[in-house]
1. Give the span of region 142-244's Cα atoms along each principal axis, as three whole-Å numbers ordered largest to smallest.
2. If you take all C-alpha pairs in region 67-119, what percent of them are over 17 Å apart?
3. Show the residues, 5+ positions off or on another chain, whose built amide H is closer than 5 Å to the amide H of Leu221.
4. Listed highest first by mean packing, meaning other Cβ atoms within 10 Å per residue, what order do 42-48, 173-179 come in?
5. Of the listed pairs Lys64/Lys178; Lys102/Lys241; Lys106/Lys162; Lys162/Lys241; Lys202/Lys241; Lys34/Lys146, which have alpha-carbon separations greater than 21 Å here?
6. Taking all protein chains as present, what is the carbon and sulfur share of the accessible area of region 109-214, in % to the nearest whole number, probe 1.4 Å?
7. Given points 7 Å out from each Cα along the Cα-Cβ axis, report the Asp255 to Glu100 separation in nanometres with one decimal.
8. Just the ratio, please: alpha-carbon radius of gyration of the chain over 2.2 N^0.38 Å, N its number of residues.
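The values are calculated or read from the model by the stated rules, or taken from the named source; none is laboratory data. Computed from a prediction, not measured in an experiment: that's the story for all the values here. For neighbour counting, all protein chains shown are included, and Cβ atoms are generated from backbone atoms with ideal geometry for every residue, glycine included. Just so you know, the surface numbers come from the protein's heavy atoms only, side chains and all, with ligands and any DNA or RNA stripped out. Shrake-Rupley method; radii C 1.70, N 1.55, O 1.52, S 1.80 Å.
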Amino acid sequence: MSQPRINAYKRYFGNQLSDDEVYNCYLWNDAISKALFNVITQIEITLRNRMHVSLSNHLYNSQKIIVDRCNGNPRIWNTSNTSTIGTVTSCNWYEAGLLENKSMSKIHTTTHHYRNKTPLLGRARPSPDDVVSSLHFGFWSSLIDKNPNVQWRNLLAHIFPKHRASNSSQWNVVAQQKRLTYRLELVRDIRNRIAHHEPLWKTPRILDETPPTQGSNRAVLHPPSSAPSESIQRLRIIYSKITELLRWMSQELYDDLMNSATHSHFLWLCSTDGLNFYIKHHEVASGHIKSCKFKREIGSIIKMKKSVFLVHGKRGISALHPI
């Protein structure tokens, strides 16, 4: 860690911390990021699959068009009619002429030649599954907000069957769709922070998902964190919002997550006990046990329901915590 980064951690987590303890705060943030990213990855896959199936079903019989050459100004792109490929649950819905140019440009990176920008045809034409799998979370999370020509009111009830807006008439309300896009923005922003190795303990302000009136800004529910305890609180709120998005798409996947070690592990990490354990785990303290004693004392370790750090000589080899 660079000295400026060490100083930033010390200012936030405590100037009294040693350099080793500061580094352990860094490891704690890294563990939080990995645990949260695992959940976001599940959401990304689920969102992609549900959107793909719903859009395929809705636009299967629509006329498809393809851009003849996708270079230059999108406003002067020439198009030609093309056939529907795939099935009713996996077709080229993205060529139904409803997506905005920015969204189509991302699709063209797979459907068109890299150099001459003409469509890949015949056997070289990518399947709908190939195209969909090439698109990142940024595409899917902004698809609703950036493409108003799609009849989302007829699709969102199928993509998010467990959302409180359970039918198309409720999704017809613009404010309801906007609340959903705000939630997707939150997940995308957290995903990007993790991907760019930004510290999650610097939690941003959490905004109300109620669309503001014209000329006003969204209300601030929670300001940016200014202490470790606030970071833990904010991260738990964010985690709750992220997992709720998964529940809206699949109650079964949500229940599996809630009953998993992944969920228990995150809750332990994102707690005062989890943070303190990471800060102190490099020290040989009462919570540490030598590997030679581990086998005969494992019963008492389970009964204690406390975190322990397994060491061999002076080297730590494993951190164990209750779930």
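1. Reported extents, whole Å, longest axis first: 44, 30, 23.
2. Counting pairs separated by more than 17 Å, the tail of P(r) holds 34 percent.
3. Correct list: Ile206, Leu207, Asp208.
4. 42-48, 173-179
5. Table pairs above 21 Å Cα-Cα are Lys64/Lys178; Lys102/Lys241; Lys106/Lys162; Lys34/Lys146.
6. Ligands and nucleic acids excluded, carbon and sulfur reach 47 percent.
7. 3.9 nm
8. Ratio of Cα Rg to 2.2 N^0.38 Å: 1.23.
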